[in-house]
Amino acid sequence: MNQRLTPATALLLTLPPLLWAGNAVVGRVVHELIPPMTLNFLRWVLAFVILLPLAWRVLRPDSAMWSHWKRFSLLGLFGIGCYNALQYLALQTSTPLNVTLVASSIPVWMLMVGALFFGRPVSRRQVAGALLSIAGVLVVLSRGRWELLVQVRLVPGDLYVLLATLAWAFYSWLLSQPKEPPELRRDWAAFLMAQIVFGLGWSGLFAGGEWALADQHISWGWPLATALLYIAVGPAVMAYRCWGMGVQRVGPAIAGFFSNLTPLFAALLSAAFLGELPHLYHALAFGLIVGGIVVSSRR
């Protein structure tokens, strides 16, 4: 049974979008330094090393992880192997405006996947909340000028973002369906480590295919090393920890609306890096997105 949305849970679900906004900025900065699938693989290798002192017991032969390998293989595929790899791939060819616009459909896909595959009905409040939340994203994307949206042109990279949102929707709904022993799920480090173990197999397979299909290169240096450290500690370990706890508390349908804070945070971070001050439309967008969250979460 999902709980009500409390301020503590709202904070838990707000931190991942902030970290993921930084992830998008970093991914764009280093897109010429490292191939996208390889970036995702190295990110989770570092996350594995970070979690190892906390969750090494989950690797033991008698661990419950091995008896639930099918479930963790799916979680690893959608959450570790596909989601960010597809986003990094999209940033190779698509513009940040297009990527954010397509990713703003996450709440809609959350509701559709829940209804079609997990038997969860969609309420009118959730539909209204989705419309409010997406309207807030569109305000950010258009910078308060709706004519800018007409200039958007979709490219192949946008398809990768769409696939990433679908993968994240399935991942989030799987998180809300506990199948493993309670002692494994209560240990957040072990639970995330179990996902990473199988996710490394998927992401390593994708990275290997990337190098086999085309001539790739990595430009090692402090910029890339710093970027890898950030996306491993923040968007990987911390964000996945907070997102998992939030989804368990209120369910993926409500949690999905918080993902629309990502483009807002991305706009603010970009403004900070460019030395620009926030505008009035940022406040309007924030109000619409938060309004969508409140409307959708009321009972």
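The values are calculated or read from the model by the stated rules, or taken from the named source; none is laboratory data. Remember, it's a predicted structure, so these values are computed and weren't measured experimentally. For neighbour counting, all protein chains shown are included, and Cβ atoms are generated from backbone atoms with ideal geometry for every residue, glycine included.
Brief remarks on what is shown
- Qualifying residues in the range 26-41 (those that are surrounded by fewer than 18 Cβ atoms within 10 Å (Cβ to Cβ) and either hydrophobic (A, V, I, L, M, F, W, C) or closer than 16 Å to Ser203 by Cα (or both)) - the one nearest to the chain's Cα centre (by Cα): Val29
- Look at the range 59-77: where a residue is without any contact (Cβ under 8 Å) to a residue 12 or more places away in the chain and a partner is surrounded by 16 or more Cβ atoms within 10 Å (Cβ to Cβ) and outside any helix (DSSP H, G or I), sitting 6+ places away or on another chain with Cβ atoms under 9 Å, you get Ser67/Glu180.
- The set of residues from the range 180-215 being assigned to a loop (DSSP other than H, G, I, E, B) and more than 22 Å from the chain's Cα centre (by Cα) comprises Glu180, Pro181, Ala214, Asp215.
- Some residue of the range 267-285 being buried (at least 22 other Cβ atoms within 10 Å of the Cβ) and assigned to a helix (DSSP H, G or I): yes
- For Thr262: the one exception among (1) assigned to a helix (DSSP H, G or I); (2) touching a residue at least 24 places away in the same chain (Cβ under 8 Å); (3) out of contact with any Pro (no Cβ under 9 Å at 6 or more places or on another chain); (4) farther than 26 Å from Asp187 by Cα: (3)
- Options Val161, Val237, Val247: the member that is β-branched (Val, Ile, Thr), over 16 Å from Asn84 (Cβ atoms) and buried (at least 16 other Cβ atoms within 10 Å of the Cβ): Val247
- Per-region count, the range 247-291, residues aromatic (Phe, Trp, Tyr) and at pLDDT 80 or above: 2
- Checking the stated criteria, Phe206 turns out not to satisfy the condition of being at pLDDT below 90 and either within 19 Å of Ser142 (Cβ to Cβ) or not aliphatic (A, V, I, L, M) (or both).
- Evaluation of Ser133 against the conditions (1) over 29 Å from Pro36 (Cβ atoms); (2) at pLDDT below 85; (3) in contact with a Phe, Trp or Tyr (Cβ under 7 Å, 6 or more places away or on another chain) shows that the sole unmet condition is (1).
- Filter result (in a helix (DSSP H, G or I) and buried (at least 23 other Cβ atoms within 10 Å of the Cβ)) within the range 1-16: Leu13, Pro16
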